[in-house]
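Engineer: I have a structure here, written as structure tokens, and I will follow up with some questions on it.
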Amino acid sequence: MNTADSFSLFVNQFSRDLSDINDRLALIGILYLGKKSFESFRNLSRAIGHYLIPNLVSNEKWIKSLGNWAVVFGCLNQIGYGYARELAKRKINLILIDQNQEILTQMCEIISSDFQIEVIPIKIDPRNFESLIPLEKTIIGRDIGIFVNSSCFNQECSYYHALSKNLIENTLCSNVTVFSLIIRMLLPSMFQKNKGALVNFSTKRSFLSSPYVSLFGASNLFTEKLIESLNYEYSDKNLYFQTINTGFLDDENLNFKNEVKLSRNLALYSSSTIRTLGWSSYSFGYWLNALKVHLLLRNFPLSCINFVYSRILKRKFMKSIENIASKNK
């Protein structure tokens, strides 16, 4: 065989191999495109179901059908207070639970005056379980349809070893023990009448590493896991369980400053969150909030996000130490 024939044979063989490689690459490309198309369709469907349809189809009648009373635990922040006002707009009577009697009384007067409903304040001490006895007596004979937990926003940046024993006990008792006990109180009547809803507010600390606020992040994750498990446990009992993650809302501006007043942005957020009740078991409350979380988690590795977020928390922590030091001078 001469050189020209050998080269021609080599070119033909190489062309056939290249054609096979192109076919395989084309198949891989088609499969990858199909996977991305399916993911995009799934995300779009989820967004429509969680945020668009709830704004077009009202759930007010369904919420009222659950019961004419609701219990809100942890309303000394704008999230809990905003959600309580949304329930009050729908003429649902309220039982407000928290640790500050003065602010609770003020909230009750404002809500009762604005919406002409009955509002009952109950002050509790998370480390004293006997303080829950008034709640047990109050719910007797009342048609409790909704329980809302928004007790997870109180926080104090600190090294874990520097946390006081009282703060650790108060955080765990409030976010874990009292939260669980209140659910245990309310579930029997909901189970018996075969309807009810439990709404739990959580924060980004449940899916991001949270140095300097690690105890709050861990308790957030506990509440999410409990609600998720109960959702499957009571799936055939017509009981509805929902976690609303506040995502990248500014936690520092959630607490009240000098007066009990709901900011415009958080009023909009509360209005959006209550519309998702009955449509999704896990929500970020508002479509823009969900979009931010989705884009961040889809485009950056979680380890990278945790690294940046931990640096942000460290900067805030160091700044708070500097402020305290300057005040003490």
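Engineer: Sort out which residues of region 128-146 are hydrophobic (A, V, I, L, M, F, W, C) and open to solvent by 20 Å² or more (accessible area, probe 1.4 Å), and write them in order of number. I'd like the intermediate steps shown before the answer.
Structural biologist: Going residue by residue through region 128-146, those that are hydrophobic (A, V, I, L, M, F, W, C) are 129, 132-133, 135, 139-140, 144, 146.
The answer is F129, I133, I139, I140.
Engineer: Another one. Kindly evaluate Q101 against the criterion of being under 30 Å from V213 (Cα atoms), surrounded by fewer than 19 Cβ atoms within 10 Å (Cβ to Cβ) and not acidic (D, E).
Structural biologist: Spelling it out, Q101 is indeed under 30 Å from V213 (Cα atoms), surrounded by fewer than 19 Cβ atoms within 10 Å (Cβ to Cβ) and not acidic (D, E).
Engineer: Enumerate the pairs (first residue in region 221-240 and at positive phi and without any contact (Cβ under 8 Å) to a residue 60 or more places away in the chain; second residue anywhere and of a type in the set (S, T, N, Q) and in a loop (DSSP other than H, G, I, E, B)) with beta-carbon separation below 9 Å, excluding pairs fewer than 6 apart on the same chain, so at least 6 apart or on different chains.
Structural biologist: Every condition considered, the pairs that remain are N238/N194.
Engineer: Would you be able to say whether some residue in region 158-169 is assigned to a loop (DSSP other than H, G, I, E, B) and open to solvent by 70 Å² or more (accessible area, probe 1.4 Å)? Let's see the steps before the verdict.
Structural biologist: Restricting attention to region 158-169, the residues satisfying the condition of being assigned to a loop (DSSP other than H, G, I, E, B) are 158-159, 163-164.
Filter once more, so that each one left must be open to solvent by 70 Å² or more (accessible area, probe 1.4 Å): 159.
Yes, region 158-169 contains a residue that is assigned to a loop (DSSP other than H, G, I, E, B) and open to solvent by 70 Å² or more (accessible area, probe 1.4 Å).
Engineer: Follow-up. Residues that are buried (at least 19 other Cβ atoms within 10 Å of the Cβ), part of a loop (DSSP other than H, G, I, E, B) and not hydrophobic (A, V, I, L, M, F, W, C): does region 212-220 have at least one?
Structural biologist: Let us first name the residues in region 212-220 that are buried (at least 19 other Cβ atoms within 10 Å of the Cβ), namely 212-213, 215-217, 219-220.
In the following step, the residues that additionally are part of a loop (DSSP other than H, G, I, E, B) were identified as 212-213.
Next, from what is left, pick out any that are not hydrophobic (A, V, I, L, M, F, W, C): 212.
The answer is yes, given that some residue of region 212-220 is buried (at least 19 other Cβ atoms within 10 Å of the Cβ), part of a loop (DSSP other than H, G, I, E, B) and not hydrophobic (A, V, I, L, M, F, W, C).
Engineer: Taking into account only those residues within region 60-96 that are touching a helix residue (DSSP H, G or I) at 6+ places or on another chain (Cβ under 7 Å) and of a type in the set (G, A, S), which is nearest to I144 (Cα to Cα)?
Structural biologist: So the residue we want is A70.
Engineer: Right, something else. Under the condition of being outside any helix (DSSP H, G or I) and out of contact with any Cys (no Cβ under 6 Å at 6 or more places or on another chain), which residue from region 110-127 is surrounded by the most Cβ atoms within 10 Å (Cβ to Cβ)? Please lay out each step first, then the result.
Structural biologist: Filtering region 110-127 for residues outside any helix (DSSP H, G or I) gives 116-127.
Adding the requirement that they be out of contact with any Cys (no Cβ under 6 Å at 6 or more places or on another chain) leaves 116-118, 120, 122-125.
Values: Q116: 9, I117: 18, E118: 14, I120: 19, I122: 19, K123: 16, I124: 23, D125: 14.
For region 110-127, the residue satisfying everything is I124.
Engineer: With the requirement that a residue be farther than 24 Å from F284 by Cβ, of a type outside the set (K, R) and surrounded by 16 or more Cβ atoms within 10 Å (Cβ to Cβ), what does region 186-205 give you?
Structural biologist: Applying the first criterion (farther than 24 Å from F284 by Cβ) to region 186-205 yields 186-195.
Keeping just the survivors that are of a type outside the set (K, R) gives 186-192, 194.
L186, L187, S189, M190 - these are the residues of region 186-205 that are farther than 24 Å from F284 by Cβ, of a type outside the set (K, R) and surrounded by 16 or more Cβ atoms within 10 Å (Cβ to Cβ).
Engineer: Out of all the residues in region 281-308, which are surrounded by fewer than 19 Cβ atoms within 10 Å (Cβ to Cβ) and either of a type outside the set (A, V, I, L, M, F, W, C) or at positive phi (or both)?
Structural biologist: Listed by number, the residues that qualify are S281, Y282, K292, H294, R298, N299, P301, S303, N306.
Engineer: Going by what's in this entry, would K237 be described as modelled with pLDDT under 90, closer than 24 Å to A70 by Cβ and open to solvent by 20 Å² or more (accessible area, probe 1.4 Å)? So that I can check it myself, show each step before the final result.
Structural biologist: Numbers: modelled with pLDDT under 90: yes; closer than 24 Å to A70 by Cβ: yes; open to solvent by 20 Å² or more (accessible area, probe 1.4 Å): yes.
Yes; evaluated as a whole, the condition is true for this residue.
Engineer: While we're here: Do any residues in region 46-61 that are under 21 Å from K91 (Cα atoms) have Cβ atoms under 7 Å from those of residues that are at pLDDT 80 or above, where the two are at least six apart or on different chains, and which pairs are they?
Structural biologist: Here the result reads P54/R275; P54/T276; P54/W279; N55/R275; N59/R275; N59/L277; N59/G278; E60/R90, each pair linking region 46-61 to a residue that is at pLDDT 80 or above.
Engineer: Inside region 53-85, can you point out the residues that are in a helix (DSSP H, G or I) and surrounded by fewer than 20 Cβ atoms within 10 Å (Cβ to Cβ)?
Structural biologist: So the first thing to find is which residues in region 53-85 are in a helix (DSSP H, G or I), and the list is 53-56, 60-66, 78-85.
I53, N55, L56, E60, K61, W62, K64, S65, listed by residue number.
The values are calculated or read from the model by the stated rules, or taken from the named source; none is laboratory data. Here the structure is a predicted model, which is why all the values come from computation and not from measurement. All Cβ positions, glycine included, derive from the backbone under ideal geometry; neighbour counts span all protein chains shown. Please note that ligands, DNA and RNA were not included when accessible areas were found on the heavy atoms of the full protein model with its side chains. Shrake-Rupley method; radii C 1.70, N 1.55, O 1.52, S 1.80 Å.
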